[in-house]
Structures are given as structure tokens and as C-alpha cells.
Amino acid sequence: MKILLRKTHTGFEPDSDLDKERSTKIGFGNIVQAEIKQPRNIQFHRKYFALLNLAFQNQDKYEVFEDFRIEVQLKCGHYQEHVTTKGQIVYVPKSVSFSSMDELQFGVLYEKAIDIILKHFLMGSTKEEIDKQVLQILDFS
């Protein structure tokens, strides 16, 4: 069973009537196992891709966006190792899908991506400048 919980000053509470109904099926005193994941925010996902697009448009090392995106993810350490049939190790970027990362994990990736972009692609810019431009692209300001 999955339920959404809301953090309050008194602890965690079911987020909706359905979640409350589901939680009543657990008897008092019973121990349950929980994995806490903060659901992803679609606006933050869009902000990440706006950041990548901004950086891609202002760099000259890659001609194809997907190649650029992969390079940033690899430099962020967001990959898994794969051993080929010839014994070579290759690095495959991990997914950034909603089901593969929660909001906190995605936030870490976003911050690493900014650092990588500043270090390797948009030298001379600041985090504040990039963030302002990304927000303007998304019209969040």
C-alpha cells in the first residue's frame, strides 16, 4: 500500500481522505516499513532542462543537445558502470525520470549540474546569473 504523508509540526499525517482511509487499515501498535520519498516537482524538472538548454546554447563543444546532456550527467557522477562483452567499462547515464529519483536526489543533481556547467562550459558566469537566466526562460520571476 502506498500513501502520501504531509509533514506537520506534530509529525506525519495522511495527505488526503483516501490516504487517511488506507492508513486506518494498519492496526495500532503494528510496525510498518516506510521509504520516504518526496514527490518530484514538475517545475523543478523543467528548470533542470532549461538550465541544460541555456548552457548548451552558450557552449561550443557539442553540436547535439543529447550528447551535451549526457556529458553533464557523467561529470555529475550520475551514471552506472557497464562492462561490455569485451571487458571494457563504459559509463551509462542514469535516468532522471520521476520514478527513478525523488525531489531531494534531483536537487543534488541540479546543484552538481550548475557546478559542472560553470566549471566546464560557462566559465566566467556565476550561479546567480545562471539561475536568473533560467528563471527568465521559465518565466518564474
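Just so you know, all these numbers are worked out from the coordinates, no wet-lab data involved. Note that the structure is predicted; figures quoted are calculated from it, not measured. As a convention, Cβ positions derive from the backbone with ideal geometry for all residues, glycine included, and neighbour counts pool all protein chains shown.
Here are the numbers:
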| read-out | value |
| --- | --- |
| Label zone at residue 44, where the point sits 7 Å out along the Cα-to-Cβ direction: the stretch 111-141 residues whose backbone N lies under 15 Å | 111-114 |
| Ranking of 99, 16, 125 by count of other Cβ atoms within 10 Å, fewest first | 99, 16, 125 |
| Square roots of five times the Cα gyration tensor eigenvalues for the stretch 40-132, Å | 23, 18, 11 |
| Among 53, 30, 41: highest mean-square fluctuation, GNM of the chain, C-alpha pairs under 10 Å | 30 |
| Sparse-neighbourhood loop sites, trypsin sites (Lys or Arg not before Pro) in the stretch 1-89 - DSSP loop, at most 14 other Cβ within 10 angstrom | 2, 25, 37, 61, 86 |
| Extension reserve of the residue 119-residue 105 stretch, reckoned as 0.36 nm per residue once the Cα distance is removed | 2.9 nm |
| Residue 94 long-range amide H proximity, modeled H, under 5 Å | 79, 80 |
| Nitroxide proxy distance, nm - points 7 Å out along Cα→Cβ at residue 37 and residue 64 | 3.0 |
| Selected from 72, 108, 64 as most flexible by GNM, with the chain as the system and alpha-carbon contacts under 10 Å | 64 |
| Value at 222 nm in deg cm²/dmol, rounded to 500, when DSSP H runs of n ≥ 4 in the chain each add -39,500 (n - 2.57) | -14500 deg cm²/dmol |
| Links that overshoot a 26 Å alpha carbon limit, given the list 37/94; 47/119; 75/132; 47/94; 94/127; 7/94 | 7/94 |
